[in-house]
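This report refers to the structure that appears directly beneath it.
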Amino acid sequence: MAARASWKGHLKVGDLACAVGLYTAISSSDRVSFNIINRRTGHRVERQFVDSETGKPVERDDQVKGYLLENGDYIVIEGDEIAEIMPESDRVLNVKAFITYDDIDKLYFDRPYYLAPADEHNEEALSLIARAMHDGKVAALAEAVLFRRNRTLLIRPHDGHIVATMLNFDYEVRSADAVFKDIPDIKFDKEMLALAGHIIGTKHGSFDPSQYEDRYEAALVELVKAKIEGRSLPKKKPAPERKVVDLMEALRQSAKMSGQSAAKRTPAKKKAPARSDSQSKKAG
């Protein structure tokens, strides 16, 4: 089945424009999903909104948004009042500036999309923009009205494609000061730092997403299969007991284990076959 665009419009860079589509790059559709059912009847349960005080069902026409005040009361916000302030979409991704990709803190990254030409007639223009960004080692900051809100996106070439990452707004990214303000500046001696550096060095690698498994999802799949096939359910392995140890001793033990693991990965040198007495005489 061909992918469906989440949004269609035009990418505009100055006077250059081309028709494009945004396709979600991340999907949860392959995860195991469940419905809520009635244990007694086996029927699916439907959600119903009820009044928190009376317990009576509330019809859809009587459901409105409310903003909670400090005194516990609500200010009612009608749907047409929200629609009145909702930004109108002109279906344009308007590039505001080109920046170095590393200029943006990755904390601001929200959701990635693939940006593709709407049809073959727009391939040349989009390819030109992508090639120019690649050669200039820059990314584009663009603004648009997407999904009924103003959005900022970072557009960049990536592995022969174009990725448009929706960015969080400044007010959405929390300051780290509230978390880290009480962590003291601890002084470590040279041995501790050397041991920690050794452990990091032996664990050096690269990121390959195929090597990381969603173990919870895999366990869910196995659970569902066991139920379907009438097999006994898989049992969870008990977690190993953890002993509280001194930090220096933990570093030493970790460095020791890391060294053993590295030695196992290093192929042993082949020993030369032992010579027989006759071979030794011929050599002499």
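Go through the stretch 183-193 and count every residue that is loosely packed, with under 13 Cβ neighbours inside 10 Å and closer than 18 Å to Glu249 by Cβ.
Of the residues in the stretch 183-193, 6 are loosely packed, with under 13 Cβ neighbours inside 10 Å and closer than 18 Å to Glu249 by Cβ.
Can you tell me which residue within the stretch 109-147, out of those that are open to solvent by less than 30 Å² (accessible area, probe 1.4 Å) and of a type in the set (Val, Ile, Thr), is nearest to Thr24 (Cα to Cα)?
Here the residue is Val145.
State which residue pairs qualify: first residue within 23 Å of Val20 (Cα to Cα) and β-branched (Val, Ile, Thr) and inside the stretch 84-113, second residue at pLDDT 90 or above and loosely packed, with under 15 Cβ neighbours inside 10 Å in any location, beta carbons under 6 Å apart, and separation of 6 or more residues or different chains.
Short answer, once both residue conditions are applied: none.
Please work out which one of (1) open to solvent by 80 Å² or more (accessible area, probe 1.4 Å); (2) within 25 Å of the chain's Cα centre (by Cα) is the condition Arg39 fails and give its number.
Tallying (1) open to solvent by 80 Å² or more (accessible area, probe 1.4 Å); (2) within 25 Å of the chain's Cα centre (by Cα), Arg39 fails exactly one: (2).
All but one of (1) surrounded by fewer than 11 Cβ atoms within 10 Å (Cβ to Cβ); (2) farther than 21 Å from Arg31 by Cβ hold for His198, so report the exception by its number.
Going through the list (1) surrounded by fewer than 11 Cβ atoms within 10 Å (Cβ to Cβ); (2) farther than 21 Å from Arg31 by Cβ, His198 breaks only (1).
Let's see how each residue does on (1) under 30 Å from Pro112 (Cα atoms); (2) at pLDDT 85 or above; (3) charged (D, E, K, R):
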{"residue": "Asn168", "(1), (2), (3)": "yes, yes, no"}
{"residue": "Ala176", "(1), (2), (3)": "yes, no, no"}
{"residue": "Val179", "(1), (2), (3)": "yes, no, no"}
{"residue": "Ala218", "(1), (2), (3)": "yes, yes, no"}
{"residue": "Val221", "(1), (2), (3)": "yes, yes, no"}
{"residue": "Ile228", "(1), (2), (3)": "no, yes, no"}
{"residue": "Pro234", "(1), (2), (3)": "no, no, no"}
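In the set Asn168, Asn150, which member is closer than 30 Å to Ala83 by Cβ, under 24 Å from the mean Cα position of the chain (by Cα), surrounded by fewer than 13 Cβ atoms within 10 Å (Cβ to Cβ) and not small (Gly, Ala, Ser)? Working first, answer last.
Working: Asn168 fails: surrounded by fewer than 13 Cβ atoms within 10 Å (Cβ to Cβ).
Only one candidate qualifies: Asn150.
Open to solvent by 100 Å² or more (accessible area, probe 1.4 Å) and closer than 21 Å to Val138 by Cα: which single residue out of Lys8, Lys12, Lys106 fits that description? Break it down stepwise before answering.
Numbers: Lys8 fails: closer than 21 Å to Val138 by Cα; Lys12 fails: open to solvent by 100 Å² or more (accessible area, probe 1.4 Å).
Going through Lys8, Lys12, Lys106 in turn, the sole match is Lys106.
Among the residues of the stretch 15-36, write down those that are under 24 Å from Glu222 (Cα atoms) and surrounded by 10 or more Cβ atoms within 10 Å (Cβ to Cβ).
Within the stretch 15-36, Arg31, Val32 meet the criteria.
Select, from Asn71, Asn94, the only residue that is closer than 20 Å to Asn150 by Cβ and outside any helix (DSSP H, G or I).
Answer to the check: Asn94.
Condition (residue is closer than 28 Å to Gln253 by Cβ, touching a helix residue (DSSP H, G or I) at 6+ places or on another chain (Cβ under 6 Å) and either in a strand (DSSP E or B) or of a type in the set (A, V, I, L, M, F, W, C) (or both)) applied to the stretch 205-221: is it met by at least one residue? I'd like the intermediate steps shown before the answer.
We begin by selecting, within the stretch 205-221, every residue closer than 28 Å to Gln253 by Cβ; these are 205-208, 211-213, 215.
Narrowing further to those that are touching a helix residue (DSSP H, G or I) at 6+ places or on another chain (Cβ under 6 Å): none.
No, the conditions are met nowhere in the stretch 205-221.
The values are calculated or read from the model by the stated rules, or taken from the named source; none is laboratory data. On a predicted model such as this, the values are computed, not experimentally measured, just so you know. Cβ: placed from backbone, ideal geometry, glycine included. Neighbour counts: every protein chain shown. When the accessible area is computed, the model is the full protein with side chains, heavy atoms only, and any ligands, DNA or RNA have been set aside. Shrake-Rupley method; radii C 1.70, N 1.55, O 1.52, S 1.80 Å.
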